[in-house]
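FYI, it's all coordinate maths here, none of it is from the lab. Note that this is a predicted model, so its numbers are computed, not measured. Cβ sites come from the backbone with ideal geometry, for glycine too, and all protein chains shown count toward neighbours.
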Amino acid sequence: VSSRELTYAAYALVALAVFVLQVACALRGTLTLGRIWHWMARSSAGLLGGLLLWAWLGWHLFVRGAVHP
Amino acid sequence: VRVSLATVAAVAAAGAYGWEAAGLRPFTVPMEVVVAVPEALLAAAAWRRRGRNRSGGGNLEGNTSTGRVGTPTMKAGSPTMKAGTPTMKSGAPWLVLVAMLAALEGANYLSSPRAAHPTLSYIASEAMAAHPARAVLMALWLLVGWAMFLR
């Protein structure tokens, strides 16, 4: 197994864990990602932080993202 | 499952915008513009909406404009969701996952060669070599922004 495959598997595991936790929290009525965000967005700093993070992600991925041949 | 007209419209608009934008090259002014325009519009709309909620005495916990926080799925009096404020107990699993992701990303970032130790950005870049994948990611990014700040 190569490092690359291991890395992909690790990311996939984390993504699966996020999905399972999100579904479990939604079913139990506890802390989902949506609720975390709504709690954060109650403050100006939280809303601004979220906006900046989202804006940075778009810039990073689409404007400054390298194009592989 | 009920899907509102606004959601359908948002998905269609994001898809169309993403498809067109995906044809542009990174590091060019047109790409900067197609990313900056939705960012500026969304930031302005989110801030305006926040101001409206505040001046209108909006209760952000039970925000009536979203109708999602404080929905019936939230258990009243739940020990982990008092007043909708995350506690260490309810937030711990998320913190663990964030820490795991940060550690994984950091370890890969500090390792080389990049192809053998890909970071999330690198994986996204590879995936976006194809136009349809680039369009889908752009649409997803727009939809995430819409869901977070406008919905």
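Some observations on this one:
- Among B:142-151, A:40-49, the order from most to least packed when residues are scored by Cβ within 10 Å on average: B:142-151, A:40-49
- Counting Lys and Arg as +1 and Asp and Glu as -1 over every other residue whose Cβ lies under 15 Å from the Cβ of B:PRO132, the net charge comes to -1.
- Vicinal HN-Hα couplings computed from phi for region A:54-60 (Karplus, 6.51 cos²θ - 1.76 cosθ + 1.60; Hz; Gly/Pro x): 5, 5, 4, 4, x, 5, 4
- Rounded FRET efficiency, nearest 0.05, which uses the C-beta distance separating A:LEU57 from B:GLU126 and R0 of 25 Å: 0.90
- The distance between label points at B:ALA116 and A:SER3 comes to 0.4 nm (points 7 Å beyond Cα on the Cα→Cβ vector).
- Peptide-level mean, for A:31-44, of C-beta atoms on other protein chains within 10 Å: 6
- Whole-Å distance, taken between Cα centres, linking region B:114-151 and chain A: 11 Å
- Stokes-Einstein diffusion coefficient of region B:106-151, Kirkwood radius over Cα pairs, 37 °C, 0.692 mPa s, in µm²/s: 272 µm²/s
- Mean-position separation - Cα centroids, region B:82-112 and region B:1-38, in angstrom: 29 Å
- Distant-in-sequence amide H partners of B:HIS117 (H built 1.01 Å from N, under 5 Å): none
- The simple Förster model, with R0 at 25 Å and r as the Cβ-Cβ distance, assigns B:VAL29 and A:LEU48 a FRET efficiency of 0.40.
- log10 of Debye I(q)/I(0), alpha-carbon scatterers only, for chain A at 0.15, 0.18, 0.19, 0.22 Å⁻¹: -0.80, -0.97, -1.00, -1.01
- Label-reachable residues, region B:106-134, where backbone N falls under 13 Å from a point 7 Å from B:TRP19's Cα toward its Cβ: B:132-133
- Neighbour net charge for A:GLY65 - beta-carbon separation under 11 angstrom, K R +1, D E -1: +2
- HN-Hα J in Hz across region B:2-17 - Karplus 6.51, -1.76, 1.60, θ = phi - 60°, x for Gly and Pro: 9, 10, 6, 4, 4, 5, 4, 5, 5, 5, 5, 5, 5, x, 5, 4
- B:ALA12-A:ILE36 pseudo-label distance in nm [points 7 Å out on the Cα-to-Cβ vector]: 3.4 nm
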